[in-house]
């Protein structure tokens with residue numbers, strides 16, 4: 001079997017997907033995917049990690065994701081694919097890249113679903129005591145989370161048109177609640193002295209501002225914008241509507257989260273900061289804050305929305321994630337049955353079922369939301385970064401794969417890769433030591449599974465840049481200042497990551513271009 005065959009989709013499956021998504025549906029999907037449990041917890045954990053300076057974490061994280069989003073938009077508009085985030089690296093950089101990014105995305109989707117279910121259960125404990133006790137989910141809470149995920153899978157089971165209509169309604173409600181929360185809390189009174197009361201604007205130093213982007217759930221809180229790109233194969237006019245939908249959602253969500261962070265910082269009672277920002281302890285941050293301020297009516301709304309809002313974003317994640325898992329199967333990194341599309345509903349039901357099972361496996365051993373989101377952020381940003389290499393490879397050897405919508409792609413793609421690499425590195429050694437070795441070791445699994453239908457030596461040479469990328473990220477993280485041994489002092493560790501990222505991006509783009517030129521059919525699909 002040729003390398004071209006290794007990335008060829010299952011015959012006829014893409015044709016079963018229904019192109020029924022317009023601009024408003026795609027915008028609702030993007031914004032609905034972003035606004036979930038992140039707004040309920042992100043401001044609290046951001047303040048704990050970086051103090052008032054966490055507002056800068058949201059701005060940096062939003063701008064970084066915006067840069068990466070431009071590359072994804074270019075790919076989604078030029079080469080619409082169901083599960084494009086998984087398919088593009090495979091098409092541009094070969095089976096090894098496609099397999100590794102596919103497994104990373106598979107883990108990211110499942111763990112995101114588990115995190116959302118955990119967040120819902122934590123807040124639902126107010127109505128059903130016994131779900132979350134002593135800072136951890138109880139067995140009953142985990143069963144409740146698994147049951148909720150099953151309901152959301154069932155709602156996605158019957159097609160994308162029903163999904164899009166329900167999501168627009170859900171998103172409109174979800175946006176109203178955080179806006180109402182901001183207005184009510186601000187009117188209750190502000191405490192400007194909080195900036196100094198907790199140790200100053202940046203009480204834990206500037207590295208904490210960067211670490212908070214991944215470890216405090218800020219990237220997680222802004223993530224979800226890529227859902228329309230994953231559903232680009234079902235857009236009526238992907239080239240026109242996807243760019244507008246994604247950029248609108250990112251700008252609005254960053255603005256909303258910055259306002260929420262500022263509100264949290266200035267509204268927390270000053271006497272709660274006697275032990276500093278790390279001394280505050282909320283299991284349901286905005287709900288408990290509303291109760292402290294005698295806004296019981298607002299607390300009631302927030303606790304209700306804490307079940308509703310993450311459920312809405314999980315509804316989007318179930319839909320988009322099933323397309324990503326479907327694409328993993330198209331890349332031959334999963335059995336073919338997961339790359340099938342239901343004739344009746346026009347959705348990849350088998351992929352959806354697999355994601356549910358994996359999400360439950362993530363949920364069962366976890367204690368709560370924060371334990372899951374650190375690794376989720378690393379895996380999500382890794383997939384975005386690898387897509388910038390795919391875009392650069394297409395630009396060199398298959399420009400027909402690009403839409404020509406984003407000007408300056410020649411510098412935006414490597415800049416996006418550098419930014420993505422920094423976000424991964426800032427995610428801290430604690431998270432990277434789990435995620436990166438797992439993916440690097442899967443190279444051996446790839447070689448074992450594909451040895452009969454691929455020239456493994458050639459594919460390993462083609463994907464060597466990716467294996468080296470994972471290796472040096474892990475090494476610098478172990479030696480750097482973000483949870484590592486501090487042998488490479490700041491800011492030189494961040495400078496080193498940027499320099500190595502530029503070299504790796506250039507290597508990956510050239511390797512991908514050589515791969516594309518070897519193909520009898522360069523488009524590979």
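Against the condition touching a residue at least 24 places away in the same chain (Cβ under 8 Å) and closer than 30 Å to residue 205 by Cβ, how does residue 431 come out, does it pass?
Working: touching a residue at least 24 places away in the same chain (Cβ under 8 Å): yes; closer than 30 Å to residue 205 by Cβ: yes.
Answer is yes for this residue.
Just to be sure I understand, how many residues within the stretch 321-337 are surrounded by fewer than 24 Cβ atoms within 10 Å (Cβ to Cβ) and within 13 Å of residue 83 (Cβ to Cβ)?
Total meeting the criteria: 1.
From 143, 151, 68, which residue is under 30 Å from residue 458 (Cβ atoms) and out of contact with any strand residue (DSSP E or B) (no Cβ under 8 Å at 6 or more places or on another chain)?
68
Is at least one residue of the stretch 228-246 more than 19 Å from the chain's Cα centre (by Cα), assigned to a loop (DSSP other than H, G, I, E, B), closer than 22 Å to residue 422 by Cβ and in contact (Cβ under 8 Å) with a residue 60 or more places away in the chain? Write out each step before concluding.
The initial filter retains those residues of the stretch 228-246 that are more than 19 Å from the chain's Cα centre (by Cα), namely 233-241, 244.
Now narrow it down to the ones that are assigned to a loop (DSSP other than H, G, I, E, B): 236-237.
Retained after the next criterion (residues that are closer than 22 Å to residue 422 by Cβ): none.
No, the conditions are met nowhere in the stretch 228-246.
Just name the residue that is nearest to the chain's Cα centre (by Cα) out of those in the stretch 266-290 that are surrounded by fewer than 17 Cβ atoms within 10 Å (Cβ to Cβ), without any contact (Cβ under 8 Å) to a residue 12 or more places away in the chain and assigned to a helix (DSSP H, G or I).
So the residue we want is 279.
Hey, among the residues in the stretch 182-236 that are surrounded by fewer than 24 Cβ atoms within 10 Å (Cβ to Cβ) and at positive phi, which one's modelled with the lowest pLDDT?
By that ranking, first place goes to 199.
Can you spot a residue in the stretch 170-181 that is in contact with a strand residue (DSSP E or B) (Cβ under 8 Å, 6 or more places away or on another chain), under 30 Å from residue 126 (Cβ atoms) and crowded, with 16+ Cβ neighbours inside 10 Å?
no
Within the stretch 497-511, can you find the residues that are surrounded by fewer than 20 Cβ atoms within 10 Å (Cβ to Cβ) and within 16 Å of residue 210 (Cα to Cα)?
Matches in the stretch 497-511: 498 only.
Read through the list (1) without any contact (Cβ under 8 Å) to a residue 60 or more places away in the chain; (2) farther than 23 Å from residue 292 by Cβ, then give the number of the only condition that residue 183 fails.
So the condition that residue 183 fails would be (2).
Considering only the stretch 363-465, give the helices (runs of 4 or more DSSP H) lying wholly within it that have at least 3 residues that are crowded, with 19+ Cβ neighbours inside 10 Å, modelled with pLDDT of 90 or more and within 21 Å of the chain's Cα centre (by Cα).
369-397, 409-426
State the number of residues belonging to the stretch 293-307 that are in contact with a helix residue (DSSP H, G or I) (Cβ under 8 Å, 6 or more places away or on another chain), farther than 14 Å from residue 122 by Cβ and assigned to a helix (DSSP H, G or I).
Keep residues of the stretch 293-307 that are in contact with a helix residue (DSSP H, G or I) (Cβ under 8 Å, 6 or more places away or on another chain), which gives 293, 295-296, 298-299, 301-303, 305-307.
Keeping just the survivors that are farther than 14 Å from residue 122 by Cβ gives 293, 295-296, 298-299, 301.
Add one more test, that the residue is assigned to a helix (DSSP H, G or I), and what stays is 296, 298-299, 301.
Residues in the stretch 293-307 being in contact with a helix residue (DSSP H, G or I) (Cβ under 8 Å, 6 or more places away or on another chain), farther than 14 Å from residue 122 by Cβ and assigned to a helix (DSSP H, G or I): 4 in total.
Is there any pair with a first residue in the stretch 468-485 that is without any contact (Cβ under 8 Å) to a residue 24 or more places away in the chain and at negative phi and a second that is assigned to a helix (DSSP H, G or I) and surrounded by fewer than 20 Cβ atoms within 10 Å (Cβ to Cβ) whose Cβ atoms are under 6 Å apart and which are 6 or more apart or on different chains, and what are they?
From the stretch 468-485, the pairs are 485/479.
In the stretch 149-156, is there at least one residue being at pLDDT below 75 and crowded, with 16+ Cβ neighbours inside 10 Å?
Yes: one or more hits.
The values are calculated or read from the model by the stated rules, or taken from the named source; none is laboratory data. Because the structure is a prediction, the values reported are computed rather than measured. In this analysis, Cβ positions are derived from the backbone assuming ideal geometry, glycine residues included, and neighbour counts consider all displayed protein chains.
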